[in-house]
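Comments concern the structure below.
The values are calculated or read from the model by the stated rules, or taken from the named source; none is laboratory data. What you see is a predicted model; the values in this text were computed from it and never measured. For neighbour counting, all protein chains shown are included, and Cβ atoms are generated from backbone atoms with ideal geometry for every residue, glycine included. Keep in mind that these areas ignore ligands, DNA and RNA; they rest on the heavy atoms of the full protein, side chains included. Shrake-Rupley method; radii C 1.70, N 1.55, O 1.52, S 1.80 Å.
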Amino acid sequence: MSDIAERVKKIVVEHLGVEEGKVTDTASFIDDLGADSLDTVELVMAFEEEFGIEIPDDAAEKILTVKDAIDFISSKQG
Amino acid sequence: MRRVVITGLGLVTPLGTGVEHSWKQLLDGKSGIRAIDTFDVSDLPAKIGGMVPRGDGTNGTFNPDLTVPTKDQKKMDDFIIYGVAAAAEAVKDSGWEPQTEEDRERTGVMIGSGIGGLSSIYETSLLLAEKGPRRISPFFIPSALINLVSGHVSIIHGFKGPNHSAVTACSTGAHAIGDAARLIMWDDCDVMVAGGAEAAINRLGVAGFAAARALSTGFNETPEKASRPYDKDRDGFVMGEGAGVVVLEELEHAKARGAKIYAEVVGYGLSGDAHHITAPADDGNGGYRSMAMALKRAGMTPADIDYVNAHGTSTPLGDLIELGAVKRLFGEALNTASMSSTKSATGHLLGAAGAIEAIFSVLAIRDQQVPPTLNLDNPSDECAGVDLVPHKSKKRRVRAALSNSFGFGGTNASLIVKEYTGS
C-alpha cells in the first residue's frame with residue numbers, strides 16, 4: 001500500500017472511529033463508514049492538513065470513497 | 001391543573017459524578033473548590049474553581065468516554081457532555097423507557113445553559129486568528145449552541161416531545177425545571193427531562209467574570225475556603241462547572257408505571273428586577289416577589305417551608321439582599337426553618353446551579369437532612385437568629401424546600417418541592 005493510502009486510512013479510522021478492516025479502498029464514507037455530511041467536511045479538512053494541500057469545495061464534493069480521497073491526493077502530490 | 005412529580009435525578013458536580021456521590025460529599029462537608037491547573041492563571045486575579053474531577057469513572061470521577069464515544073466528543077463542548085451524562089443518569093434512575101411512538105412523542109427535553117460553549121468559542125476564535133477560516137471545524141457551531149444539550153439528549157434517547165432550552169444566566173436551571181413542569185401541567189407532554197449544564201471555566205470565562213468584579217480573589221492559596229456565603233470575609237463567587245438534570249413526570253403517569261417518586265414540584269415563581277445588568281436591586285424586591293409567587297402557586301405559607309436552598313453566591317452584596325428578602329417574606333416562620341447555600345461546597349455553577357440545587361433540595365426531603373453552609377466562621381451581623389446550617393449538615397424534618405436562583409439581567413426564579421406522601 002502506498003504511503004498516501006496508509007495515511008488516508010489512518011485519518012479515516014481516527015475521525016470516524018471505525019475499525020481499520022472496514023476502511024477498504026471502495027468503502028463509502030457515508031454509506032459504509034457511518035459518516036454524516038459534517039463528518040465528511042471534517043475529513044476533507046484533515047486531509048488538507050495532513051498533506052498540506054487545498055481541496056476546493058467542488059472537488060471535495062466528489063470525494064465519496066476512500067479511493068476517491070487517495071486518488072485526488074495522489075494527483076495533487078503527483 | 002395536572003400535578004408534576006420528580007422521578008429521576010442526575011448530577012455531575014465539582015463534588016463528583018453521580019447523585020449519591022455528590023450528595024454524600026456535600027453532607028460530609030467536603031469542598032469541590034481547588035486550584036485551576038488546566039490552563040495558565042498566572043495573570044488572572046482568580047486562580048481557583050469548582051472543576052469536575054476527572055478520572056476513570058470510579059470513585060465519583062468523571063470519565064467522558066463512559067458517556068459519549070471518543071469520536072463524538074469533538075462535536076460537543078464540555079457543557080454538552082456534562083448535560084448528556086447527567087441526563088443519562090436521571091433517565092436511568094427514573095426507569096422511564098418509552099416503548100411506543102406515542103410515549104416518545106410525550107417525552108420532551110429542556111436543558112439550558114447560562115453561557116454554552118464558551119471554551120469552544122474561545123479556542124475556535126484563536127484558531128481562526130492563527131490559521132484562517134478553512135481550519136474551522138464543521139462541528140464548532142453545534143458544539144457551542146446552548147440548546148444542543150437538549151438536542152443530543154433527544155437524539156440519544158429518542159425523546160420526540162417538546163425540545164427546548166432555557167437561557168437565563170444563573171437562573172437557567174430553575175427556569176428550565178419550572179417551565180418544563182408547566183409543559184406537563186398544560187398536557188403538552190407527560191415526561192420532561194429538565195435541568196442545566198455549564199462549563200465556562202477557561203481563561204476567557206474567568207477573565208470576564210473577574211472583570212465584572214464578581215469573583216473571589218482573596219483565597220487563591222486556600223481554595224476550599226473561598227466560597228463562604230454569609231461569612232464576613234466573603235469576597236465574591238467561585239466559578240463551578242457541571243450539570244444537574246431531573247426527570248419530571250405527570251403524577252398519574254408516574255403512579256401507573258410504579259415509578260419511585262422523590263418529590264412533587266408544587267411552586268414556581270418568576271420575576272424581573274428591572275434594575276441593573278449585574279447587581280441585584282438593593283431592596284431584594286425581585287427575589288421577594290419570585291418567592292412569594294412560588295408560595296402562592298403552591299398554596300403554601302412560609303411556615304410550610306422547612307428548608308431554603310439559597311442562591312447565596314458568596315458575594316458581599318447579593319447574599320445580604322437575598323437574606324433580607326427571605327426575612328421579610330418569612331417573618332417569624334424563619335425561626336423554625338433552615339437555610340443554607342450549597343455553593344459554599346460546589347462554587348457557582350451558573351446555568352446549572354438552579355438545577356443541582358433543586359436536586360439537593362429534593363434529596364434534603366428524601367433523607368430529612370439539610371446540607372451545610374461551609375466556611376461560615378463569622379456570619380454577617382444580619383444573619384443573627386437565622387439557622388444557616390454552618391459547617392455541618394443537620395438531620396431535621398423537611399416537608400418542603402424552596403430553592404432560589406437569581407441571574408444577571410435581574411432574572412429571578414424560585415422553585416418549591418414538597419414531599420410526596422401518596423395523596
| message | Could you check the stretch B:147-189 and list, in sequence order, the residues that are open to solvent by 30 Å² or more (accessible area, probe 1.4 Å) and part of a helix (DSSP H, G or I)? | response | B:Leu148, B:His152, B:Ile155, B:Ile156, B:His157, B:Asp179, B:Arg182, B:Leu183, B:Met185
| query | What about B:Val84, is it among the β-branched types (Val, Ile, Thr), part of a helix (DSSP H, G or I), assigned by the TED database to the domain that holds B:Pro229 and touching a residue at least 60 places away in the same chain (Cβ under 8 Å)? | reply | yes
| query | Residues in the stretch B:11-49 that are outside any loop (DSSP other than H, G, I, E, B), touching a Lys or Arg at 6+ places or on another chain (Cβ under 8 Å) and open to solvent by less than 30 Å² (accessible area, probe 1.4 Å): how many? | reply | 2
| message | Looking at the stretch B:362-370, can you tell me whether even one residue there is touching a Leu at 6+ places or on another chain (Cβ under 8 Å) and open to solvent by less than 10 Å² (accessible area, probe 1.4 Å)? | response | yes
| Any idea which residue in the stretch B:56-92 is most open to solvent (accessible area, probe 1.4 Å), counting only those that are more than 14 Å from chain A (Cβ to nearest Cβ) and among the hydroxyl-bearing types (Ser, Thr, Tyr)? | B:Thr58
| Given the conditions (1) in a loop (DSSP other than H, G, I, E, B); (2) closer than 30 Å to B:Arg399 by Cβ, and given that B:Gly267 satisfies all but one, which numbered condition is not satisfied? | (1)
